[in-house]
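The values are calculated or read from the model by the stated rules, or taken from the named source; none is laboratory data. Keep in mind the model is a prediction, meaning the values are calculated, not measured. Cβ atoms come from the backbone with ideal geometry, glycine included; neighbour counts cover every protein chain shown.
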Amino acid sequence: MGTGIVISSMPGPIGTKKFHRQKHMKQEKNRNLIKRLATGFLFVAALAVWAADISAQAPKRIEFGKGKSSAIVRGTTGQNGALYSVRARSGQKLVLTLSPRSGVGIKVEGTGRFGHTVLLREERGGTYEVGLEESGEYTILVGTTSGKSAAFTLSVRIVRMTDI
C-alpha cells in the first residue's frame, strides 16, 4: 500500500479568482449569444408579419419620369410596412438606397419561372444592388425593425447590368 499524490480539480485559494473570472466570461458569452439569437428571431417574426400583410395591402407603383431611370419615395412604414412595385427587364439591376440606416429594413421579391423568389432581405438601411434575370414585376417592402412606425426615404434606380 503505497501512498500517492492526489491532485484535486477543485480550485484552491490561488485559483479561485481565475476560476470565477473564466466562469464569468463564459456566462457573458452565453448572454451575448442569447441577445443575438433574440434579435434575429424578432427580425424574422417582423418579416413574417410583413409577409402576411402583403396580400392584404395593394402595392404602390413606383413611376419614373419621362426619360428617367430613378425615383425617390418618402414615406412611413406604419406597423406593417410600406409596399411598392416596380417593373424591370431581364439584364437590368435595381439599385436601392434606403435611409435611415437603422430602424428600417427592406425586402425585394419577384415571381418568375422558378416561382416566388426573395431577392433581397436586409434589416438595415443602406445601398443594395439586385440583379434581375427575368423581366417582370418586382415588389419592394420597407418595414420597421423596431415594431414602431418609422419614416424613410427610398431611392430606386434601374440600370443595365454589366458583365461580370
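Condition (residue is modelled with pLDDT of 75 or more and more than 21 Å from the chain's Cα centre (by Cα)) applied to region 12-26: is it met by at least one residue?
Checked region 12-26: at least one residue is modelled with pLDDT of 75 or more and more than 21 Å from the chain's Cα centre (by Cα).
Within region 108-118, take every residue that is surrounded by fewer than 16 Cβ atoms within 10 Å (Cβ to Cβ) and of a type in the set (A, V, I, L, M, F, W, C) and give me the one that is farthest from residue 57 (Cα to Cα).
Within region 108-118, the match that is farthest from residue 57 (Cα to Cα) is 114.
Among 147, 110, which is the only one that is modelled with pLDDT under 95 and either assigned to a strand (DSSP E or B) or touching an Asp or Glu at 6+ places or on another chain (Cβ under 7 Å) (or both)?
Going through 147, 110 in turn, the sole match is 110.
Within region 131-150, restricting attention to residues that are touching a Ser or Thr at 6+ places or on another chain (Cβ under 7 Å) and within 14 Å of residue 78 (Cα to Cα), which residue is surrounded by the fewest Cβ atoms within 10 Å (Cβ to Cβ)?
Top of the filtered list is 149.
The rows are residues; the columns are (1) at pLDDT 90 or above; (2) in a strand (DSSP E or B); (3) among the basic types (Lys, Arg).
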| site | (1), (2), (3) |
| --- | --- |
| 30 | no, no, no |
| 34 | no, no, no |
| 38 | no, no, no |
| 51 | no, no, no |
| 65 | no, no, no |
| 71 | yes, yes, no |
| 79 | no, no, no |
| 96 | yes, yes, no |
| 102 | yes, no, no |
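Do you know which residues across region 58-100 are over 24 Å from residue 162 (Cα atoms), of a type in the set (A, V, I, L, M) and surrounded by 13 or more Cβ atoms within 10 Å (Cβ to Cβ)?
Across region 58-100, the qualifying residues are 73, 82, 83.
Got a number for residues in region 150-164 being in contact with a Pro (Cβ under 9 Å, 6 or more places away or on another chain) and assigned to a strand (DSSP E or B)?
Residues in region 150-164 being in contact with a Pro (Cβ under 9 Å, 6 or more places away or on another chain) and assigned to a strand (DSSP E or B): 3 in total.
Scan region 119-141 and report the pairs whose first residue is farther than 18 Å from residue 162 by Cα and whose second residue is aromatic (Phe, Trp, Tyr) and surrounded by 14 or more Cβ atoms within 10 Å (Cβ to Cβ), with Cβ atoms within less than 6 Å and a gap of 6+ or a chain change.
Qualifying pairs under 6 Å: 120/128; 123/43; 140/84; 141/50.
Looking at the structure I just gave you, is residue 105 out of contact with any Cys (no Cβ under 9 Å at 6 or more places or on another chain) and either without any contact (Cβ under 8 Å) to a residue 40 or more places away in the chain or surrounded by fewer than 16 Cβ atoms within 10 Å (Cβ to Cβ) (or both)?
Taking the combined requirement at face value, the residue does not satisfy it.
Take the residues in region 78-107 that are under 21 Å from residue 39 (Cα atoms) and β-branched (Val, Ile, Thr), then tell me which one is nearest to the chain's Cα centre (by Cα).
Per the stated criteria, the residue is 106.
From (1) under 14 Å from the mean Cα position of the chain (by Cα); (2) of a type in the set (Phe, Trp, Tyr); (3) exposed (fewer than 14 other Cβ atoms within 10 Å of the Cβ), pick out the condition that doesn't hold for residue 128.
(3)
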